Amino acid sequence: MTQPSAVAVLLSDLFPLVWSGLITGCLYALGAMGLVMIFKCSKVVNFSHGNVAGLAAFLVYGLSSGVLLQLSWGMAVGVTLVAIVAVAVLTYALIAPLVFASDLTATIATLGIGLIAQGVTLLVFGADIVALDLPVPPFRATVLGLRITGYDLTVLAVALVTIGALFFVIDHTKLGIAFRAMSDNPFAAEVCGLSLKAVHIFAWTVAAVLGVVGALLIVPTTFLSVTTVAVFMLQAFAAAVVGGFTSLPGALIGGVLIGVLMNLFTYYVSPEYSSTFLLCIILVALNIFPNGVLAAAGGGSRV
Amino acid sequence: MTDLFAIRDLSVTYGAGAPAVERVSFTVGAREVVALLGANGAGKSSIMKALAGLVPASGELLFEGEPVSALSTRQRVARGIVYVPEGRAIVGSLTVRENLILGGYQVHAARRRERMAMVLELFPEIASKVERAAWRLSGGEQQMLAIGRGLMAGPKLLLLDEPSLGLAPLLVRRVFDRLAGIRADGDLAIILVEQNLQMTMRLADGIHFLRSGRIVGHRHRDDLRTGAARQEVIDAYLGAASHHAA
């Protein structure tokens, strides 16, 4: 009788693990979609994504905790978003001359910008670990044996609204048409009189905002250090790879897949080898479906 | 009559090599169709790209009397200089409608809707397929979409680069029928680069012959009726002396 009950115990954990993986996966998806937007448009893998989002999380912390200022949380987020959009525009301004010269040089330049962001974070906030909470409604419920918290629902709601809004803009607005034209055929976009730089800046700023949203939502599950968000973005990077790096819906699915798989691996196998497992996922994805899960499933996508 | 577009000493050089276009000068009057004829590599497409602001060039460009050589492609489109590239360069993943919106990107929304109705009336072939992804259109339909997209910007001058490329003869005729119609209706000048002699001679008011990046001759439409003029056209087309052409 002991054997079946062990299996039952293992399986009883499965549902909550998948659920929490789904929640974190939504956040990986936010990060991944930012990477994909920049890559589709500028053909640059933005390695500064994690460190800039990390700087943003620290800014929110600094502005709301009294380290820099004593603002309300919402005010701090508002100020941070403005600051990070400025950073994104500045980043693009710095690498724009490289984007049009060589994709590879521009990609490597983002590494440098990431290091600068990390350096600024260290300089201003130090190397200490801090706590940054999210003002979520104190909600707790159990549905079919699944514990659902206010945090879970907040993440789901914010992710759904953000991703929904992004897809709406890209699918149904003139700006979205410009973005899709840029990523499919930049020459045609230029011939039609589009400002390539304006479309690039749109992608970079949206990506930066997605990064900040992802960072602010992930930090409460752990703590905030100089490397927390960069590590989080590593998972987002894997999510983007699983999605094929050029598909926004692919990045969404990749994010959720990575979230669930990492959760299952950490729980059932070993938390120590989770980074190894992540790299294995990247390798397997690149070998088996280099164009992403959606392309492998025969779906493909317009965005 | 003042010229709509005056091109003076236009030169295009890629890298350190010999110039692809060297001191080319010609003018385009209002509602005039000027064709550039020459063999492959004679510099036709380079001229078109330079006029559209897509490649760096030297020389003076006066559009409606104002210098435009320092303007970006976007600014030139806003002024009414619109390029319809060789190979069509439609955006395959966008629908027909979205491609047309892209063409009228800088135009006010109400005006864009008007123009779209006009373009779809002009090209009934694509009017029934507005929600279809552009890559699913046939070659002829894609060419019509490319021209339609160019018209969406409300051009005063259309730079039309090889509209017959890769099309079956029947479709070429249909595309040129439409172009003749656009010309008759609108207040539009065209610079045409084309390999199809018969169609070029049908549409153009004048032809400039290009060889190795230079203009080596010019004929007016009425002059093209003589045998000598036709021979000159054939020479320019083949990029060879007449005895080679025989």
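The values are calculated or read from the model by the stated rules, or taken from the named source; none is laboratory data. The structure displayed is predicted, hence computed values, not measured ones. For neighbour counting, all protein chains shown are included, and Cβ atoms are generated from backbone atoms with ideal geometry for every residue, glycine included. The protein model used for the area step is the full one, side chains on, heavy atoms only, and it has no ligands, DNA or RNA in it. Shrake-Rupley method; radii C 1.70, N 1.55, O 1.52, S 1.80 Å.
Students sometimes get this wrong: rank A:TRP204, A:TRP19, B:TRP135 by accessible area, probe 1.4 Å, all chains present, largest first. Don't jump to the answer; show the numbers that get you there.
Details: A:TRP204 10, A:TRP19 50, B:TRP135 165 Å².
Ranked from most to least accessible, the order is B:TRP135, A:TRP19, A:TRP204.
Taking θ as phi - 60°, what are the ³J(HN,Hα) couplings along segment A:100-111 by the Karplus curve (6.51, -1.76, 1.60), each to the nearest whole Hz, with x for Gly and Pro?
Going residue by residue, I get 7, 9, 8, 4, 5, 4, 5, 4, 5, 4, 5, 4 Hz, with x marking Gly and Pro.
Could you pull out every one of the lysines with an alpha carbon less than 21 Å from that of A:LYS43, ignoring same-chain neighbours closer than 8 positions?
Once the sequence-local lysines are set aside, what remains near A:LYS43 is A:LYS197.
Over 42 Å apart: what share of the alpha carbon pairs of the protein assembly as shown falls there, rounded to a whole percent?
Roughly 36 percent, rounded to a whole number.
Across peptide B:97-104, how many C-beta atoms of other chains are within 10 Å of each residue C-beta, on average?
5
Rounded to the nearest 500, what is chain A's calculated 222 nm mean residue ellipticity when only DSSP H runs of at least 4 contribute -39500 (n - 2.57) each, over all residues? Please report the intermediate quantities before stating the final value.
Working: 12 runs with 226 residues, N = 303.
Counting only the DSSP helices, I get -25500 deg cm²/dmol.
Evaluate the distance, in nm, between pseudo-label points positioned 7 Å from the Cα of B:HIS220 and of B:ASP9 along their respective Cα→Cβ axes.
Between B:HIS220 and B:ASP9, the label points sit 2.8 nm apart.
To test your reading of the geometry: what angle, between 0 and 90 degrees and rounded to tens, separates the Cα axis of helix B:169-185 from the longest principal axis of chain B?
80
Give the average, rounded to an integer, of partner chain Cβ atoms located within 10 angstrom of each Cβ in B:129-135. Before the final figure, lay out each step's value.
On the way: counts 0, 0, 0, 0, 1, 3, 1.
Counting other chains' Cβ atoms within 10 Å and averaging over B:129-135 gives 1.
Quick one: which residues, 5 or more positions from B:THR95 or on another chain, have an amide H under 5 Å from its amide H? H modelled 1.01 Å from N in the peptide plane, none for Pro or chain starts.
For B:THR95, whose amide H was placed from the backbone, the distant partners under 5 Å are B:ALA134.
To the nearest 0.05, what FRET efficiency results for A:PHE187 and A:ALA297 with a Förster distance of 35 Å applied to their C-beta separation?
Details: r = 30 Å, r/R0 = 0.86.
In this case the efficiency is close to 0.70.
Using a 10 Å cut-off on Cβ to Cβ distances, tally the other chain neighbours for every residue of B:44-57 and report the average as a whole number. Before the final figure, lay out the partial values.
Working: counts 0, 0, 0, 0, 0, 1, 0, 0, 3, 3, 3, 0, 0, 0.
Other-chain Cβ atoms within 10 Å of each residue's Cβ, averaged: 1.
For segment A:17-225, what is the relative contact order in percent, using Cα pairs closer than 8 Å and at least 6 residues apart in sequence?
39
Return the aspartates and glutamates within reach of B:LYS129: Cα separation strictly under 14 angstrom, same-chain partners fewer than 8 residues apart disregarded; answer none if there are no such residues.
B:GLU98, B:GLU121, B:GLU141
List every residue whose amide H lies under 5 Å from the amide H of B:ILE190, counting only residues 5 or more places away in sequence or on a different chain, with H placed 1.01 Å from N in the peptide plane.
Long-range HN contacts for B:ILE190: B:GLU32, B:VAL33, B:VAL34, B:LEU158.
Students often forget the sequence filter, so: which lysines lie under 28 Å Cα-Cα from B:LYS44 once same-chain residues fewer than 8 apart are removed?
Candidates past the 8-residue exclusion: B:LYS156.
Rounded to the nearest 20 debye, what is the charge dipole size of segment A:17-225 about its Cα centre when +1 sits on each Lys and Arg Cβ and -1 on each Asp and Glu Cβ? Don't jump to the answer; show the numbers that get you there.
Numbers: 7 positive and 7 negative charges, 35 e Å.
Dipole about the Cα centre, nearest 20: 160 debye.
Using a 1.4 Å probe and counting only protein heavy atoms, arrange A:PHE245, A:PHE289 so the residue with the most accessible area comes first.
Details: A:PHE245 25, A:PHE289 55 Å².
Ranked list, largest accessible area first: A:PHE289, A:PHE245.
When the Karplus curve 6.51 cos²θ - 1.76 cosθ + 1.60 is applied with θ = phi - 60°, which whole-Hz ³J(HN,Hα) does each residue of segment B:30-41 get, with x for Gly and Pro?
Result, rounded to whole Hz: 4, 6, 8, 10, 10, 9, 10, 10, x, 6, 4, x.
Please report, in debye to the nearest 20, how large the charge dipole of segment A:109-240 is about its Cα centre when each Lys and Arg carries +1 at its beta carbon and each Asp and Glu carries -1 there. Before the final figure, lay out the partial values.
On the way: 5 positive and 6 negative charges, 27 e Å.
Value, rounded to 20: 140 debye.
Leaving ligands and nucleic acids out of the surface, order B:ARG136, B:ARG225 by accessible area at 1.4 Å, largest first. Don't skip to the answer; put the middle values down first.
On the way: B:ARG136 135, B:ARG225 160 Å².
Per-residue accessible area, sorted high to low, gives B:ARG225, B:ARG136.
Let me make sure I get this right: for segment A:17-225, a, b and c are the square roots of the gyration tensor eigenvalues over alpha carbons, sorted descending. Under 1.5 in a/c it's rounded, otherwise prolate if a/b > b/c, else oblate. Which is it?
The shape class here is oblate.
What accessible area per residue, rounded to a whole number of Å², is obtained for segment A:17-225 using a probe radius of 1.4 Å?
Details: 8430 Å² over 209 residues.
With the other protein chains kept in place, segment A:17-225 gives 40 Å² per residue.
What part of the accessible area of chain B, given as a whole %, is carbon or sulfur when the probe is 1.4 angstrom? Before the final figure, lay out the partial values.
On the way: 5260 of 10580 Å².
Here it works out to 50 percent.
Mind listing the phi-derived Karplus ³J(HN,Hα) values for segment A:285-292, rounded to whole Hz, using 6.51, -1.76 and 1.60 with θ = phi - 60°, and x for any glycine or proline?
Computed from phi, the couplings for segment A:285-292 are 4, 5, 7, 8, 10, x, 9, x Hz.
Suppose every Lys and Arg Cβ carries +1 and every Asp and Glu Cβ carries -1, with no other charges. What dipole size does the protein assembly as shown come out with about its Cα centre, to the nearest 20 debye? If you can, show how the numbers build up before the last one.
Working: 38 positive and 34 negative charges, 163 e Å.
The dipole of the protein assembly as shown has a size of about 780 debye.
Show me the ranking of peptides A:118-130, A:188-200 by mean Cβ neighbours inside 10 Å, starting with the highest.
Ranked by mean Cβ neighbours within 10 Å, highest first: A:188-200, A:118-130.
Over segment A:220-303, what relative contact order in percent results from Cα pairs under 8 Å that are six or more residues apart? Before the final figure, lay out each step's value.
Numbers: 91 pairs, mean separation 28.3, N = 84.
So the answer I get is 34 percent.
Compute the separation of the alpha-carbon centres of segment B:140-190 and segment A:19-72 and state it in Å as a whole number.
Distance between centres, Cα-based: 47 Å.
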